[in-house]
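Report on the structure given below.
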Amino acid sequence: PEGEVTAVRRALNECLVARGSGSAFQKLDCHVDNKFVAQFQADGVIIATPSGSSAYSMAVGGSLVAPSVPCMLLTPIAPHMLTARPTILPAGCELELRVPQDARATPVVSFDGMHEQELQRGARVRVTTSMSPVPFIHVTQHLDDWFHSIRTKLHWA
């Protein structure tokens, strides 16, 4: 039924809405705080947390974001328009991806690579930042440790 919540998931790194086993690109309507932003025609969209910004989102052109920055990253995957750019959104906003009724194919959604679920035409995926951040214990200065990790993994120095 319309508006029915079928699942609530938590993700540490990202939520992925992408084409499933089919080869057709996806058409996804993007809304932020109930305002229409854009219609993406792409292989999919990644909504990443700052801790997930150095994984799949970065691999498809998204920004690196320090884990201490309260935000979400919206990164289109292989968009079919040059103006579709990665976007950093403030924590606290509600991002919603809608599968339009005229979509060529039905995408799948997954959370940190798990809980994959097919989305039917008319389905919506709502993503917000958690009000309960995940605590981490850091022996070194947090930002220094993050930069060291990025430098090492990306061979910057």
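The values are calculated or read from the model by the stated rules, or taken from the named source; none is laboratory data. This one's a predicted model, so the numbers in the text were calculated from it and none came from an experiment. Note: ideal-geometry Cβ built from the backbone for every residue, glycine included; neighbour counts use all protein chains shown. Calculation scope for accessible area: heavy atoms of the full protein, side chains included, ligands and nucleic acids excluded. Shrake-Rupley method; radii C 1.70, N 1.55, O 1.52, S 1.80 Å.
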For helix 142-154, what angle does its Cα long axis make with the longest principal axis of the chain, in degrees from 0 to 90 and rounded to 10? 70 degrees
Along the three principal axes, how long is segment 1-94 when you take its alpha carbons, biggest first, rounded to the nearest angstrom? 36, 32, 26
Evaluate the distance, in nm, between pseudo-label points positioned 7 Å from the Cα of S68 and of Q39 along their respective Cα→Cβ axes. 4.3 nm
So how strong a dipole does the chain carry about its Cα centre when Lys and Arg Cβ are +1 and Asp and Glu Cβ are -1, to the nearest 20 debye? 240 debye
Mean Cα-pair separation over length for segment 1-124, i.e. relative contact order, pairs under 8 Å, 6 or more apart, %: 29 percent
Here are a few candidate values for P(r) over Cα pairs in 10 Å bins from 0, in percent: (1) 10, 34, 28, 12, 7, 5, 3, 1, 0; (2) 10, 39, 33, 13, 3, 0; (3) 9, 27, 31, 17, 8, 5, 2, 0. Which one was actually calculated from the structure I just gave you? (2)
Loop sites in segment 1-64: GluC sites (Glu not before Pro), DSSP, at most 15 other Cβ within 10 Å: E2, E4
Taking the chain as a Gaussian network, Cα atoms linked when under 10 Å apart, which of L95, L12, L74 shows the biggest mean-square fluctuation? L12
For segment 12-137, which whole-number percentage of the solvent-accessible area (1.4 Å probe, protein heavy atoms only) is attributable to carbon and sulfur atoms? 55 percent
Which one of P86, S130, L74 has its Cα pushed farthest toward the positive end of the charge dipole of the chain, where Lys and Arg give +1 and Asp and Glu give -1 at the Cβ? P86
Once S149 and A24 are pulled to full extension, the length gained, defined as 0.36 nm per residue separation minus their Cα-Cα distance, is 41.3 nm
Residue-normalised accessible area of the chain, given per residue in Å² at a 1.4 Å probe: 61 Å²
